[in-house]
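What follows draws every value from the coordinates through simple rules; no lab data is involved. Worth saying up front: this structure is predicted, and the values here are computed from it rather than measured. In this analysis, Cβ positions are derived from the backbone assuming ideal geometry, glycine residues included, and neighbour counts consider all displayed protein chains.
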Amino acid sequence: MDDHVCGPGCMHGVTAENEKDIKGEFHAARRSFLRDAMVVGGGAATLGALGVSMSPSAMAASASAKPGNGPTSHYYIPASAETVLWGYFSKSAKPVVEIETGDYVTIETLTHHSNDDAERMVKGDPGAESVFYWDAKRKGVNRRGAGPMDAKIGAGGGEGVHICTGPVFIKGAEPGDILEVRIVDVAPRPSANPAFKGKSFGSNAAANWGFHYGDLLSEPKKREVVTLYEIDATGERNWARAVYNYRWTPQTDPFGVVHPTIDYPGIPVNHSTIRKNENVLKNIRVPIRPHFGTIGLAPAEADMVTSIPPSYTGGNIDNWRIGKGATLYFPVAVAGAMFSVGDPHASQGDSELCGTAIECSLTGTFQFVLHKKAELPGTPLAELNYPLLETQDDWVLHGFSFANYLAELGAGAQQSIYSKSSVDLALRDAYHKMRHFLMTTQRLDEDEAISLMSVAVDFGITQVVDGNWGVHAVIKKSIFPAREG
Ligand SMILES: [Zn+2]
């Protein structure tokens, strides 16, 4: 299984042996997670027809997978202009696939920064070419963001930037339920350009929305710089290296609109207008920790929700711990849950300081388990109203400046959030959530919870660049050995 990446027509889950394999892989990944950030897998995720494929399983799943002993299925969603929403979550979008609890879905995701170097990240890749297609008349995906279609800089206004594959509709999911999403596998998408065989690439943009912007030592104080990184797609090397960087210059898109800054996603960068600096970050090895920056469910509060600020149903959480072997628990806000995933990252540090990670296309395999509202009381998932992450060793709670900014800030929330966030607010939210977690799931009283929080919980800055800023709280599961089982 080690070299396996699911492809269209994949037979995962067809036999009892395969079913055991995929579960074994999941448990092995959980054991090794964080101890070994090495990319396992990395074989070519071949792109077939632009349709979803499915392999049925005859095996009765275990109790943890599927209630009622029904067969599990494994779906495959290629990334294409037909299977992505660019820059938004929507409860009223048409689902790409409808699945049942316990099912597996392998999902290709594309980075919205692919056009920073189209030679390496788009050329020869039918899925990426269909999404990024843009000539004087037409774009492969016209709407980019939840904003107005007649926005000057482009349809959707760039109010939301991430290419999200989905939505996946989970049958029977209703508001009040919890959706568990297990990340079984994550692998980088190899460059389809034969000149770069065996390699993947990612882009890091030190952008105008970064924490550093305007606070630089050298002139010009307001500049955007793109650094391109190379990742080993074969999985042998668990580190990335920089290839070159360039300063953003005004780019004219195929519709004739000039973009003086990175103000709209997917602008094709004309490499004859930029100056590349080779040999940057020389001899530096960046550890790889592939993960999904944006992962979550459609919120209930609005029809079209920008993909940038994270919220109670997840979204652009931008926590590098959301990788292979990790499990997320999301509160379901709308019928079918409407799961999508995108913003793939090869690596990122806590805070995502300059505005982006190593933005690198990835393919993930996920298993979905629905926990119905009626089953929740008395379990650790009762009252869960934010995205909770479980890794091999830790519980990771996600706090935001505004726990549910859409409800708290009302009409205009999607615009006003950017001027209202702070680390202070996010830390307070993370504190409240950890206090609740300790008092409910571990049955501590408030004074016990406060003391434990101060001596054993690590609070960290998840990101300060996504509108609704994030602070996460990490607590080791090993603190509670006597309470297990
Ligand atoms: Zn990202």
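Descriptive notes on the structure:
- Each Cα pair under 8 Å and six or more residues apart adds its separation to the average, and for the chain the resulting relative contact order is 18 percent.
- The peptide list 399-412, 200-213, 267-280, 181-194, put in order of mean Cβ contacts within 10 Å with the highest first, becomes 181-194, 200-213, 399-412, 267-280.
- Charge-dipole axis of the stretch 195-286 as Lys and Arg at +1 and Asp and Glu at -1 on Cβ define it, positive-most pick from ASN277, THR252, PRO220: ASN277
- FRET E, pair ASP135, THR249, Förster distance 22 Å, beta-carbon r, rounded to 0.05: 0.55
- Take the Kirkwood radius over Cα pairs of the stretch 394-483, plug it into Stokes-Einstein at 10 °C and 1.306 mPa s, and you get 115 µm²/s for translational diffusion.
- Descending by average beta-carbon neighbour count within 10 Å, the peptides 235-241, 322-328 line up as 322-328, 235-241, the highest first.
- The stretch 109-181: proportion of alpha-carbon pairs further apart than 15 angstrom, %: 65
- For the stretch 87-240, fraction of C-alpha pairs farther apart than 22 Å, in %: 57
- Sum of side-chain charges, ARG285 neighbourhood, beta-carbon under 12 Å (Lys, Arg +1; Asp, Glu -1): +1
- Placing a label point 7 Å from the Cα of ILE479 along the Cα-to-Cβ direction, the residues of the stretch 448-463 whose backbone N falls under 20 Å from that point are 448-462.
- Computed FRET value (nearest 0.05) for ASN279 with GLU375, which takes r as the C-beta separation and R₀ as 60 Å: 0.55
- Additional length obtainable on full extension of the chain from ASN142 to LEU217, 0.36 nm per residue less Cα span: 23.2 nm
- Put in order of Cβ neighbour count within 10 Å, fewest first, the listed residues THR109, THR249 become THR249, THR109.
- With coordinates expressed along the principal axes, the C-alpha atoms belonging to the chain extend over 62, 51, 46 Å, beginning with the largest.
- Neighbourhood net charge (14 Å Cβ-Cβ; Lys/Arg +1, Asp/Glu -1) for LYS152: -3
- Separation of the MET149 and ARG237 label points, Cα + 7 Å toward Cβ, nm: 4.6
- Shown here is the pair-distance distribution of the stretch 195-286: with all Cα-Cα distances grouped in 5 Å bins from zero up to the longest one, the shares run 3, 12, 19, 21, 20, 14, 8, 4, 0 percent.
- The chain - charge dipole about Cα centre, Lys and Arg +1 at Cβ, Asp and Glu -1, debye rounded to 20: 760
- When peptides 442-453, 153-164 are sorted by average Cβ neighbour count within 10 Å, with the highest value leading, the order is 153-164, 442-453.
- Here each label is just a point 7 Å from Cα along the line to Cβ, and for ILE450 and LYS171 those points are 5.1 nm apart.
- Taking a sphere under 13 Å around the Cβ of GLN348 and counting the other residues whose Cβ falls inside, with K and R at +1 and D and E at -1, yields a net charge of -4.
- Computed over the stretch 394-483: relative contact order in percent, which uses C-alpha pairs under 8 Å that are six or more apart: 41
- Cross-link table LYS152/LYS221; LYS222/LYS420; LYS137/LYS199; LYS372/LYS433, entries beyond 24 Å C-alpha to C-alpha: LYS152/LYS221; LYS137/LYS199
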